[in-house]
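Every read-out reported here was derived from the displayed coordinates using simple, explicitly stated rules and does not represent laboratory data. Fair warning: this is a prediction, and the values are worked out from it, not measured in the lab. Positions of Cβ are generated from backbone atoms using ideal geometry, with glycine treated the same way; all protein chains shown enter the neighbour counts.
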Amino acid sequence: MPKFIKVATTEELADQPAKVVELEGQKIALFRVDGAFYAMSDTCTHRGGPLSEGTVEGTEVTCPWHGAKFDLRTGGVLGLPARQGVRGYPVRVTGTDVEIEV
């Protein structure tokens, strides 16, 4: 049964656009864009690059290794060379707690 787990606070992401968290053995990239929070697998489907270290523009993240682009809202591919999206995770904020559903 899915459950929400606290992974950060809003203050932790106040000065940085992304953070990697490990949850149930998975590396998850947590992003904050214009006050909204998004979570997706941290591993690019092209060659395994760390998406948390990528460039964020609007609701897109670009993998730092080869330039694949992904939609922060869905994990879908927006640009090659990746051909497959990454897993997205629902996020909610309760007070100052940022929680990801797993």
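Being out of contact with any Ser or Thr (no Cβ under 8 Å at 6 or more places or on another chain) and closer than 16 Å to E99 by Cα is true for just one of L80, L23. Which residue is that?
L23
Residues in segment 81-98 that are farther than 17 Å from R32 by Cα, surrounded by 11 or more Cβ atoms within 10 Å (Cβ to Cβ) and more than 13 Å from the chain's Cα centre (by Cα): how many?
So the answer is 3.
Within segment 53-63, count every residue that is loosely packed, with under 15 Cβ neighbours inside 10 Å and either in a strand (DSSP E or B) or on the phi < 0 side of the Ramachandran plot (or both).
3
Does segment 26-43 contain at least one residue that is under 13 Å from the mean Cα position of the chain (by Cα), more than 26 Å from G95 (Cβ to Cβ) and either touching a residue at least 24 places away in the same chain (Cβ under 8 Å) or outside any strand (DSSP E or B) (or both)?
Within segment 26-43, one or more residues are under 13 Å from the mean Cα position of the chain (by Cα), more than 26 Å from G95 (Cβ to Cβ) and either touching a residue at least 24 places away in the same chain (Cβ under 8 Å) or outside any strand (DSSP E or B) (or both).
Report the residue count in segment 1-25 for those that are touching a Phe, Trp or Tyr at 6+ places or on another chain (Cβ under 9 Å) and part of a strand (DSSP E or B).
4
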